[in-house]
Amino acid sequence: MRPPASAIVGALLGPVAFVGAANALVVASTRAARTARVDALAPADVAVVPGARVFPGDVPSVPLRERLLAAAELLDAGVVARVLVSGARRDAGRYDEARAMAAFLRERGVPAERLLADAHGHRTIATMRNARAALGPEARVVVCTQAFHLARAVFLARRAGLDAAGYEVDRRLDPFALQNAAREAVARAVAVAEVALAPLTSARAPSR
């Protein structure tokens, strides 16, 4: 016996409704904490930089360079005292986002003692768990990433127990804006589901 059309429609609309509600929650709950202006940020302990693609030779991709330069800008402006770089490591350490990120900042004059490196930030949720483990609960942080990603990153940082604000680092037109928006809509829904099912307080502490 075929299921009624209403049951099929309901089964399809349920996930769509959840994705919509999750996106509304993530965006609305972080709106006041996100800005593109340095002078709108309160002083914080650390700038947190989530990882992104790195090319052979430890060359950060353009989006990752934007995030790192924004963190250096906050350091120079006295908004933060340190920078935590967090990214994935694989292939027995041959690919290491955090290593490349730290090297990029050191090459631009950021002292090594101002840097924390987390090589286990394979996802945004892991970055925020690890940041809390390193910095302690209620540490004040500024998350540096692109606007499409920022709401989810701040949402996860706050759910991990950090006092988080967000700094939009976009300095160019994004050629992948539509793809990023579509992917992010799903990622926000996944984030809401994950924090509802498990706490964000168990993690690895980054190295100095």
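The values are calculated or read from the model by the stated rules, or taken from the named source; none is laboratory data. Owing to the predicted nature of the structure, the values given are computational and were not obtained by experimental measurement. Note: ideal-geometry Cβ built from the backbone for every residue, glycine included; neighbour counts use all protein chains shown.
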Scope the stretch 23-45; condition under 12 Å from Arg152 (Cβ atoms) and within 15 Å of the chain's Cα centre (by Cα); matching residues:
Val26, Val27, Thr30, Arg34
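One line per residue, one yes/no per condition, for (1) within 22 Å of Ala134 (Cβ to Cβ); (2) at pLDDT 95 or above; (3) surrounded by fewer than 16 Cβ atoms within 10 Å (Cβ to Cβ):
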site: Ile8; (1), (2), (3): no, no, yes
site: Gly51; (1), (2), (3): yes, yes, no
site: Val59; (1), (2), (3): no, yes, yes
site: Ala81; (1), (2), (3): yes, yes, yes
site: Ala100; (1), (2), (3): yes, yes, no
site: Leu105; (1), (2), (3): yes, yes, no
Hits in the stretch 127-177 - residues which are out of contact with any strand residue (DSSP E or B) (no Cβ under 8 Å at 6 or more places or on another chain) and in a helix (DSSP H, G or I):
Arg129, Arg132, Ala133, Phe148, Arg152, Phe155, Leu156, Arg159, Ala177
Could you tell me which numbered condition Leu75 fails, if it satisfies all but one of (1) buried (at least 18 other Cβ atoms within 10 Å of the Cβ); (2) touching a helix residue (DSSP H, G or I) at 6+ places or on another chain (Cβ under 6 Å); (3) over 19 Å from Met128 (Cα atoms)?
(2)
